[in-house]
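> Quick one: structure below, then a few questions.
Just so it is clear, none of the values below were taken in a lab; they were calculated from the coordinates. Since we're looking at a predicted model, the values are computed, not measured. Methodologically, a virtual Cβ is constructed for each residue, glycine included, from the backbone with ideal geometry; neighbour enumeration extends over all protein chains shown.
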Number of protein chains: 2
Amino acid sequence: MGLKILGAKCALVCNPNFDILSNGGVLFKEGEILEVGDYAKLCDKHPKAKARFYKNALLMPALVNPHIHFEFAGQKQSFAYGSFESWLDSVMSERSQVLKRAQAHGQRAIQEQLLQGVASVGAISSYGLDRNILQESPLRVVFFDELIGASADIAPAFEAFSARHALSQAGKSPKFTPAIAIHAPYSVHKDLAKKVLDTHKSPVVSVHFLESQAELDFLKGRGGYFANFYAKHGLTAPHYASPLEFLDLFKGQNLLLVHAMFATKAHLEHAKNIANPTIITCPRSNRLLSGALLNLKHPSAVGLKTALATDGKSSNNNTLFLEELRTALFAFNTPLLEVLPKILLGATLHASQALGLKGGSLQAGFLADFAVFNFNAKADLQGVLHWLLHAHRVLDLYIQGELSGFGV
Amino acid sequence: MGLKILGAKCALVCNPNFDILSNGGVLFKEGEILEVGDYAKLCDKHPKAKARFYKNALLMPALVNPHIHFEFAGQKQSFAYGSFESWLDSVMSERSQVLKRAQAHGQRAIQEQLLQGVASVGAISSYGLDRNILQESPLRVVFFDELIGASADIAPAFEAFSARHALSQAGKSPKFTPAIAIHAPYSVHKDLAKKVLDTHKSPVVSVHFLESQAELDFLKGRGGYFANFYAKHGLTAPHYASPLEFLDLFKGQNLLLVHAMFATKAHLEHAKNIANPTIITCPRSNRLLSGALLNLKHPSAVGLKTALATDGKSSNNNTLFLEELRTALFAFNTPLLEVLPKILLGATLHASQALGLKGGSLQAGFLADFAVFNFNAKADLQGVLHWLLHAHRVLDLYIQGELSGFGV
């Protein structure tokens, strides 16, 4: 595989400065970006490189969706929306029904991600039903085997998890990274979490954290909705002295703190002090379950980065990432042209960093994963805004430097 | 045309109580609803009526989009978003370009409305370019000839407006109602507005009102963005002593107050005291231009109803009404299951009332305009929520009691 150059009318670098290049290009080789700059100059400098210029197009790092549950891709109207409590009740009663034909639905969701320009995903796998379809897909996957189990007798859950995780480890490849998700403070016994995290090293760890007022109430005083939840379902309640004790499980970890709308400044600061966290926000899921969106100022006030994700269809009307980003654009209470770069960095650079990957940006040394979209505006922030308002489908998607043959 | 009955698994009445009927039906004749209730009972009671039951469907009053600019349907990325000021600057410089092929684009926008289940529109016509295509369309149209002109020499603008409005009056029909729109306080001389409103009686009047901080600044103290706007464009500045003086133009009128995000409680109360106003909110347009959404509590605090609209593509990424309603669902900061009925009433009953029509609800004496959508959930609020989250296209649309032959 030799040198290649791609260029486009508008190149969205997705670096921290959010540079937008007119007639920009990338030089890459063997899945890695070597140089970024003016397309014509790159071609002059590297005359032997195989070059392609997209005339009316936007070239950007492929999108990164860091939190999605493919196993629940078949959910449509089985789960209740409008309150976290009624949603969780409906999950408890309807889950097994929803998981039927999980692979077929998951396949479609994978195809959908690719068509939206997503090359990398953080896939939360509760049962391992999505492992094979993801391994066989063109996607770059951080595959989070999810730990759940609140019983004080931790041995069975530990064994079952270890068996699942071994299957994932066996499939490890440059494009498939096994990792661990700890479901949530309300569903995982701390000794079980500790044993799993001590036994199996994970490059990154994903946790649902303070997605609801109910969860906060329970962690603070063991009251509220969760006070009766466990007895009702014949389960044991896990026990953490506080949200901080839960966070202490992840000392020194690269951590995806998913949701966190009900996290206080003290929680976020503690997370930052003891670990390397990124906040993952799923706007539509949050609105449908807990009613509220994340206040983007909260993570940034303590110096934490935020990435965006669709979550699963278990808590969303679809997993179209571009639609999620547009909804975020309309729904976040931050000036439009200020939030636009935050949203796009949250779907590229910050999401990739959160997953422990070196992608999501057109920079030397980064992954050669690119998305190309139709683009008819000027190569500036206003043009990028108009692009996002109308983007529905990728034109070409490159993963690991190769045009992805997923039949766009 | 004899008696007809339509029924469906779920009938969304869109009355103030927001009733949802399981296996509900409507009896209607000659474009008017006669009776609403249980489908089977209606059939028993009226055995000669021609009856049709939609098994996996939702039957509701056809949607009503009370504020749309069809003439600007070709706008895609010519106008700047992110601030009202830069948007208005771009409108001034790019408008003539955008209006090219207005009819062809308008035709597509009409088709789009019908496909979304919209039977009635409030069409704001700045130039009369959309008059014929709307008259020839299946849509029920309140056609607002829009008045604009700030010059103290009001005669030319008055003559031009009267000539345009005469053409609309000549086309008046049961489905085409000519009406008047006064563009905005910053663009219409008060003597011109008075003369037009005194000369031509209008069943309802539509005005853009306090869409931006800039407009409020200008009305309060003639400062801000508009202080230099007129000289820059060779125009005369209109003069109102305050927002209240502008509102006084509309004493006794049925009034559509469009946008009003920057209206104070005093403004809204004054409007309510002197006229019969409905607030029309266009969430995506508002977010794209002025950055902010309407706080739904403000109109309801003074007892005003709110209706929803798409506005034109001049200030939106598309005019898909169902997508607008979904964005509203995600973006409004009101509990989800509380805001859902408000949104749906705002797109049916309240929108129809605002336009001076007797539609938007399944009630005896109301217009027999119906939309039928695929529906696979339970006939309850949760089911309706899931429907709105997934609805993309009407199954059948009835206007004036007849199945609309627009080739769905």
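> Stokes-Einstein at 10 °C, 1.306 mPa s, Kirkwood radius from Cα pairs: D for region B:199-307 in µm² s⁻¹?
On the way: Rh = 14.5 Å.
For the chosen part, D equals 109 µm²/s.
> Further question: Taking the Cβ-Cβ separation of A:Arg222 and A:Asp19 as r and a Förster radius of 51 Å, what is the calculated FRET efficiency to the nearest 0.05?
So the FRET efficiency works out to roughly 0.55.
> Once you keep just the Cα pairs under 8 angstrom separated by 6 or more residues, what percentage relative contact order results for region A:93-164?
28
> Just for the protein assembly as shown, what percent of DSSP beta bridges are antiparallel, to the closest 5?
Beta bridges within the protein assembly as shown, antiparallel portion: roughly 40 percent.
> Compare the Cα positions of A:Phe250, A:Leu216, A:Pro185 along the charge dipole of region A:64-355 (+1 at Cβ of Lys, Arg; -1 at Cβ of Asp, Glu; about the Cα centre) and return the one farthest towards the positive end.
Positive-end residue among those listed: A:Phe250.
> For each of A:Tyr81, B:Tyr127, B:Tyr54, count neighbouring Cβ atoms within 10 Å of the residue's Cβ, then give the residues from fewest to most.
In order of increasing Cβ crowding within 10 Å: B:Tyr127, B:Tyr54, A:Tyr81.
> Mind listing the label-point distances from A:Asn376 to the same position on all other copies, shortest first, one decimal in nm, points 7 Å along Cα→Cβ?
For A:Asn376, the other copies' label points sit at 3.5 nm, shortest first.
> So for the protein assembly as shown, considering every pair of alpha-carbon atoms, how many percent are separated by more than 47 Å?
Tail of P(r) above 47 Å: 27 percent of Cα pairs.
> From the label point of B:Lys45, set 7 Å from Cα along Cα→Cβ, how far away are the matching label points in the other copies, in nm, ordered shortest to longest?
Here B:Lys45 shows inter-copy label distances of 8.0 nm.
> Note down the magnitude of the dipole of region A:64-355 about its Cα centre, charges +1 on Lys and Arg C-beta and -1 on Asp and Glu C-beta and zero elsewhere, to the nearest 20 debye.
It comes to approximately 380 debye.
> Return the subset of A:Lys194/A:Lys272; A:Lys50/A:Lys358; A:Lys190/A:Lys313 for which the Cα-Cα distance in this structure is over 21 Å, preserving the input order. Mind showing how you got there, number by number?
On the way: A:Lys194/A:Lys272 19 Å; A:Lys50/A:Lys358 24 Å; A:Lys190/A:Lys313 28 Å.
In this structure, A:Lys50/A:Lys358; A:Lys190/A:Lys313 lie more than 21 Å apart at Cα.
> Out of all Cα-Cα pairs in region A:1-110, roughly what percent, to the nearest whole number, are more than 16 Å apart?
Distances greater than 16 Å cover 69 percent of the Cα pairs.
> When every alpha-carbon pair in chain A is counted, what percent end up more than 30 Å apart?
Summing the P(r) tail past 30 Å for chain A gives 39 percent.
> Another question about this same structure. Pick out, in residue order, every one of the trypsin sites (Lys or Arg not before Pro) in region B:47-88 that is DSSP loop and has at most 16 other C-beta atoms within 10 Å; say none if there are none.
B:Lys48, B:Lys76
> Further question on the same structure: Averaging sequence separations of C-alpha pairs under 8 Å and six or more residues apart, then dividing by the length of region A:64-355, give the relative contact order as a whole percent.
For region A:64-355, the relative contact order is 21 percent.
> About its Cα centre, how strong a charge dipole does region B:24-138 have in debye, to the nearest 20, once Lys and Arg get +1 and Asp and Glu get -1 at the Cβ? Intermediate results must be reported in sequence, preceding the final value.
Values: 13 positive and 12 negative charges, 107 e Å.
So the magnitude is around 520 debye.
> List the residues whose amide H sits under 5 Å from the amide H of A:Thr177, counting only those 5 or more places along or on another chain, with H placed 1.01 Å from N in the peptide plane.
So A:Thr177 has HN proximity to A:Val141, A:Val142, A:Phe143.
> Okay, next question. Ranked by Cβ crowding within 10 angstrom, fewest neighbours first, how are A:Leu355, A:Leu139 ordered? Before the final figure, lay out the partial values.
Numbers: A:Leu355 31, A:Leu139 24.
Fewest-to-most ranking of A:Leu355, A:Leu139: A:Leu139, A:Leu355.
> Okay, next question. Relative to the Cα centre, what is the charge dipole magnitude of the protein assembly as shown, using +1 at the beta carbon of each Lys and Arg, -1 at the beta carbon of each Asp and Glu, and rounding to the nearest 20 debye?
820
> Report ³J(HN,Hα) in whole Hz for each residue of region A:113-123, in order, from the Karplus equation J = 6.51 cos²θ - 1.76 cosθ + 1.60 where θ = phi - 60°; Gly and Pro get x.
4, 4, 5, 8, x, 8, 9, 10, 9, x, 9
> Sticking with this structure for a sec: Between the DSSP loop rule and a limit of at most 13 other Cβ atoms within 10 Å, which GluC sites (Glu not before Pro) in region B:150-218 are left?
Counting only loop positions with at most 13 other Cβ atoms within 10 Å, none of the GluC sites (Glu not before Pro) in region B:150-218 qualifies.
> From the phi of every residue in region A:329-335, what ³J(HN,Hα) in whole Hz does the Karplus formula 6.51 cos²θ - 1.76 cosθ + 1.60 yield, where θ is phi - 60° and glycine or proline is x?
4, 7, 9, 5, 8, 9, x
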